[in-house]
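Peer 1: Provided herewith is a single structure, encoded as structure tokens, for subsequent inquiry.
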Amino acid sequence: MAFFSDFFLARRLRKGPTLLLPYVPDPAAVLEVVQLHASDARPYGDGLRVGGNVRLQGPITVTPELATKAGIPAGWQTAYVAGNIDDEEGGEYDRPMALAAGLAERLNGTVHPRGPEPPADLAEVTGGRPVPIAELVASLAEELPGLAARAMAGGVTVLSCGGSPIEIVVEEDEDEVGYSVCVDDGVHGPGLAETARRVALTIAARGGGVARDHNGFLITETG
């Protein structure tokens, strides 16, 4: 019986998306970070329920035997595997990867067998009041010197500067305004995600909106 249990567990870990950690985490700390992604996350069976149809199974001790069967490299002690609770419900098929990737960033882990491609949209701000473009440019002058705005069709304004690949796309309509902090497809490099988080936090503070990163995790002053 244990053989079949290990066999199916190894297959599940190998398929992923699987969060790997080089230590044994405090379950309460993991739940606290997961709640940045979904505030209603709660214990569920042998793991956590995240939103309506996503489960994070774990913690799972990565023994040498399990690591070999699952193709996990040496040096990882703990695993969590993300997936849909009911594949028939639909609607959240991309969320398990976003959950695993966001946890890996915050808990010093990695995603197995591979993580997502670098995103074009690094952060977003929703809700709150519209921030005047001139105020936005002034408030971000230290983070993005030389920031300038150009108006586009359809109520869209793009803010960019020559010293950074980061752009801010402001989309306004009659009911709401949204801000996307992004880069061109394929552009990545050290510090871009951190800069995008700081930019999003500044925008959120000015307009009273909510800032989230590209994996849907709430951005806070501490990370």
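The values are calculated or read from the model by the stated rules, or taken from the named source; none is laboratory data. Because the structure is a prediction, the values reported are computed rather than measured. Here the Cβ is made from the backbone with ideal geometry for all residues, glycine too, and neighbour counts use every protein chain on show. With ligands, DNA and RNA removed, areas are computed over all heavy atoms of the protein, side chains included. Shrake-Rupley method; radii C 1.70, N 1.55, O 1.52, S 1.80 Å.
Peer 1: Hey, among the residues in region 157-182 that are of a type in the set (D, E, K, R) and assigned to a loop (DSSP other than H, G, I, E, B), which one's most open to solvent (accessible area, probe 1.4 Å)?
Peer 2: GLU174
Peer 1: Next up: Select from region 127-172 the residues that are charged (D, E, K, R) and within 26 Å of the chain's Cα centre (by Cα) and list them in ascending order.
Peer 2: Result: ARG129, GLU142, GLU143, GLU167, GLU171, GLU172.
Peer 1: Also: When you look at PRO73, is it farther than 22 Å from PHE8 by Cα, at pLDDT below 95 and either assigned to a strand (DSSP E or B) or open to solvent by 60 Å² or more (accessible area, probe 1.4 Å) (or both), yes or no?
Peer 2: no
Peer 1: Out of the residues in region 144-156 that are assigned to a loop (DSSP other than H, G, I, E, B) and touching a Cys at 6+ places or on another chain (Cβ under 7 Å), state the one that is most open to solvent (accessible area, probe 1.4 Å).
Peer 2: Going through the qualifying residues, I end up with PRO145.
Peer 1: I've got another one for you. Select from region 183-204 the residues that are at pLDDT 95 or above and over 17 Å from GLY102 (Cα atoms) and write down the one among them that is surrounded by the fewest Cβ atoms within 10 Å (Cβ to Cβ).
Peer 2: Within region 183-204, the match that is surrounded by the fewest Cβ atoms within 10 Å (Cβ to Cβ) is LEU201.
To keep it simple, each residue is scored yes or no on (1) farther than 19 Å from PRO25 by Cβ; (2) under 15 Å from the mean Cα position of the chain (by Cα); (3) of a type in the set (Phe, Trp, Tyr).
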{"site": "ARG42", "(1), (2), (3)": "no, no, no"}
{"site": "LEU48", "(1), (2), (3)": "no, no, no"}
{"site": "ARG55", "(1), (2), (3)": "no, no, no"}
{"site": "VAL62", "(1), (2), (3)": "no, no, no"}
{"site": "TYR80", "(1), (2), (3)": "no, no, yes"}
{"site": "PRO96", "(1), (2), (3)": "no, yes, no"}
{"site": "ALA100", "(1), (2), (3)": "no, yes, no"}
{"site": "LEU103", "(1), (2), (3)": "no, yes, no"}
{"site": "ARG106", "(1), (2), (3)": "no, yes, no"}
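Peer 1: Enumerate the pairs (first residue in region 165-193 and over 20 Å from ALA141 (Cβ atoms); second residue anywhere and part of a helix (DSSP H, G or I) and open to solvent by 20 Å² or more (accessible area, probe 1.4 Å)) with beta-carbon separation below 9 Å, excluding pairs fewer than 6 apart on the same chain, so at least 6 apart or on different chains.
Peer 2: Close Cβ pairs (under 9 Å, with a partner that is part of a helix (DSSP H, G or I) and open to solvent by 20 Å² or more (accessible area, probe 1.4 Å)) amount to ALA193/GLU105.
Peer 1: Return yes when VAL131 is open to solvent by 80 Å² or more (accessible area, probe 1.4 Å), touching a residue at least 24 places away in the same chain (Cβ under 8 Å) and part of a loop (DSSP other than H, G, I, E, B) and no when it is not.
Peer 2: Judged against the criteria, VAL131 is not a match.
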